[in-house]
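The values are calculated or read from the model by the stated rules, or taken from the named source; none is laboratory data. Fair warning: this is a prediction, and the values are worked out from it, not measured in the lab. Cβ sites come from the backbone with ideal geometry, for glycine too, and all protein chains shown count toward neighbours.
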Amino acid sequence: MKELAELRDEIRLIDEEMAELFMRRMESVRGVAEYKRAHGLAVSDPAQEQRVIEGRSALISDEEVKPYYIQFLHDLMDVSKLYQHKLLEGRRIAYVPHKDKTAGKAAESFFPDGTPQRYDECDHGRPPRT
């Protein structure tokens, strides 16, 4: 059995390789976003996503690990879609509407490069506590 430190070192090396691959992938995602902008295509393409899941998951022969790889692919595609949305639409800043209607203006002043949106219209965020 390998020592814990050795195993963690192996994982670190794999993570470093994955970081390089992630950067390459995101450069390609940027190209996909540009293509979609030029051709008026939506960011989300469920049929393509299903083809990716089916094709890539077939590369994993270990049935015990395969569901985790499928989840990894879903998560990776979610990150890619978030990046495409950012590239195509800019940052969407969530705010909670207030009766005096100043929340959107406040969000704009704090995040001038973003587009204020109600919290229930954003990809991420949490509804206000009541």
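Things worth noting here:
- For region 17-47, filtering for residues that are outside any loop (DSSP other than H, G, I, E, B) and either loosely packed, with under 11 Cβ neighbours inside 10 Å or within 15 Å of the chain's Cα centre (by Cα) (or both) leaves 21.
- Pair list, Cβ under 6 Å, 6 or more apart: region 71-86 residue part of a helix (DSSP H, G or I), other residue surrounded by 14 or more Cβ atoms within 10 Å (Cβ to Cβ) and among the small types (Gly, Ala, Ser): Gln84/Ala33
- The residues of region 44-85 that are among the basic types (Lys, Arg) and more than 16 Å from Arg25 (Cα to Cα), listed by number, are Arg51, Lys66.
- Residue in region 4-16 that is at negative phi, part of a helix (DSSP H, G or I) and surrounded by 13 or more Cβ atoms within 10 Å (Cβ to Cβ) present: no
- Scope region 26-59; condition without any contact (Cβ under 8 Å) to a residue 40 or more places away in the chain and aliphatic (A, V, I, L, M); matching residues: Ala38, Leu41, Ala42, Ala47, Val52, Ile53, Ala58, Leu59
- Residue within region 41-48 that is over 20 Å from His85 (Cα atoms) and either among the β-branched types (Val, Ile, Thr) or in the same structural domain as Tyr83 (by TED's automatic domain parsing) (or both) present: no
- Selection from region 36-66 of residues that are within 12 Å of Leu88 (Cβ to Cβ) and small (Gly, Ala, Ser): Ala38, Gly40, Ala42, Ser44
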